[in-house]
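Just so it is clear, none of the values below were taken in a lab; they were calculated from the coordinates. Not measured: the values here are computed from a predicted model. Because the Cβ atoms are built from the backbone with ideal geometry, glycine has one as well, and the counts that use them run over all protein chains shown.
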Amino acid sequence: MKQEYELSTMNSRPNPFAKQLKQQVTLPLGIDVIEYFEAIAQEKGMSCQELIILYLQDCVVSKRKLSFE
């Protein structure tokens, strides 16, 4: 391995794992929403946070949209 690398002469490429990166966000959730997901998470033996992440990911994959009518 070299002591130093000259980055300006290296061939760069996009990060192949960029789609898998996560960003932490804070969302204000109602108590009823939290209790709903906590109950389901407890039934399934998983954390509430993990369940919410899985649910949101499923919404993305299935392109689920809310009806505002």
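For the chain, leaving out every one of the chymotrypsin sites (Phe, Trp or Tyr not before Pro) that falls in a DSSP loop and has at most 11 other Cβ atoms within 10 Å, the longest unbroken run is 18-67.
With angles folded into 0 to 90 degrees, how steeply does helix 31-44 sit against the dominant principal axis of the chain? Use alpha carbons for both and round to 10. In the chain, helix 31-44 runs at an angle near 80 degrees to the longest axis. Here LYS19 is the anchor, and the lysines within straight C-alpha reach of less than 26 Å, apart from those fewer than 8 places off in the same chain, are LYS63, LYS65. Across the chain, Cα-Cα pairs more than 19 Å apart make up 60 percent of the total.
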